[in-house]
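Notes follow once the structure below has been shown.
The values are calculated or read from the model by the stated rules, or taken from the named source; none is laboratory data. Given the structure is predicted, the values throughout are model-derived calculations rather than measurements. Backbone-built Cβ (ideal geometry, glycine too); neighbour counts: all protein chains shown. When the accessible area is computed, the model is the full protein with side chains, heavy atoms only, and any ligands, DNA or RNA have been set aside. Shrake-Rupley method; radii C 1.70, N 1.55, O 1.52, S 1.80 Å.
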Amino acid sequence: MSLSANRLINRPILATIHTEAFHHNLNRIRDLAPESKIWSVVKAKAYGHTLEAALKGLGSTDGFALLDIADAEWLRGRGWQGRILLLEGLFSSEEMKLAITLKCDLVVHSEKQVQWLESYQNHSNQPINIFLKLNSGMNRLGLRSDEYRTAFHRLHAAGYHLHHMTHFANADQVERSPSVGEQMECFGLATDGLDAPSSLANSAAILWHRNALGDWVRPGIMLYGVSPTGVHADIVRSELQPVMQLRSEIIDIQDIRKGDHIGYGGRYQAPEDMRIGVIACGYADGYPRQAADGTPVWVDAGDARGDGMICPIVGQVSMDMLTIDLREAPNAKIGTTVELWGNEVPVDDVAQMSGTIGYELICALATRVPVVIK
Ligand SMILES: *Cc1c(COP(=O)(O)O)cnc(C)c1O
């Protein structure tokens, strides 16, 4: 099948977002954390999948957690009536009015934000939900234990509806400090006697620290079927499904001779006479330039069974193209479909071959790549 056959423009690259996989992954999270409500984390345009796709596939979530208030506005405009959490709270006091109009819940992680909320006159009789964030050892955002308890009392006195929140630095690794256990201990001490619902777990904690979930879990990466550790086997074992599929086509083929070099820098040298496929996908599409020789690309075999084979990248990824070794795919021709990542090629594997993690690749999908929501 040719991707370009369905489209008006001819450059054959396409990201497909499979919303039924979103739905499936959300249900898996419900199985893993049956007692918790779910904030589906959709920051960075739903990790590159578009908010529109997230809304379509994750409509049964309890709430959406995001950073940018414009995204909250967009969700309300599209009729979303469930909860919305601003994960970093207000960036300025001026955002308060809009946040309230949009009925957003707010993270509060700093003394400045506590002051903004204290001085705000809430004339509506609707209580505002606050997720007060404790720095329990990650040392990125959050109030220190001693500041935390005072902030809790101050905001409580000002009429806000409080929740406890913290974030784990190492829920995906053992033997790294601070451990989930150490952070939980800090959390327990800081919140001791302060009765409020809690929000603790990110994806890795949902998968591997079932004792550290809290009343609201905050899954991000696992919703997208990508591994928090970068190891794709974790996703298979957890029965999660990739949501994004990035495909393109072979736009040209080179027959090269033994000893010939390919691409910028001539990084790859042919060990024998071979066929090279040129794919319409490069780093300006969000494909990592760091991808090493051997990074897998799936090539459609062009038979009725819909089978295909893995053909490795050979040569440096350039801005608009990359090149693959077609020795295993004798039937591949111009117009043959390839998958850069998705069901056949885990984005985790591409990331691993590129010295990064799946998070970075899906978030970096370029705006020039057309997206189809299925
Ligand atoms: C991004 C984020 C999450 C989601 O993390 P994943 O590792 O993608 O599950 C959860 N909580 C906070 C505060 C975040 O910023």
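What the table shows:
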read-out	value
Exposed GluC sites (Glu not before Pro) absent: longest stretch of the chain, with sites in DSSP loops and at most 15 other Cβ within 10 Å deemed exposed	95-174
Mean-position separation - Cα centroids, the stretch 102-155 and the stretch 48-75, in angstrom	23 Å
Accessible surface of the stretch 230-325 [probe 1.4 Å, protein heavy atoms]: carbon and sulfur percent	49 percent
Beta bridge orientation in the stretch 1-113: antiparallel %, DSSP, nearest 5	0 percent
Per residue Cα convex hull volume in Å³ - calculated over the stretch 201-275	153 Å³
Rounded tilt (10° steps) of 19-32 against the dominant C-alpha axis of the chain	50 degrees
Rounded tilt (10° steps) of 180-191 against the dominant C-alpha axis of the chain	20 degrees
Straight-distance crosslink candidates among aspartates and glutamates, where the alpha carbon sits under 18 Å from residue 56 and sequence neighbours closer than 8 are dropped	20, 71, 73
Per residue solvent-accessible surface (Å²) - the chain, probe of 1.4 Å	45 Å²
Degrees, to the nearest 10: 145-157 long Cα axis against longest axis of the chain	60 degrees
Set 43/103; 37/112; 45/112; 333/374 screened for pairs whose C-alpha atoms are more than 22 Å apart	37/112; 45/112; 333/374
Residues of the stretch 322-356 with amide N under 20 Å of the 7 Å Cα→Cβ point at residue 253	322-340
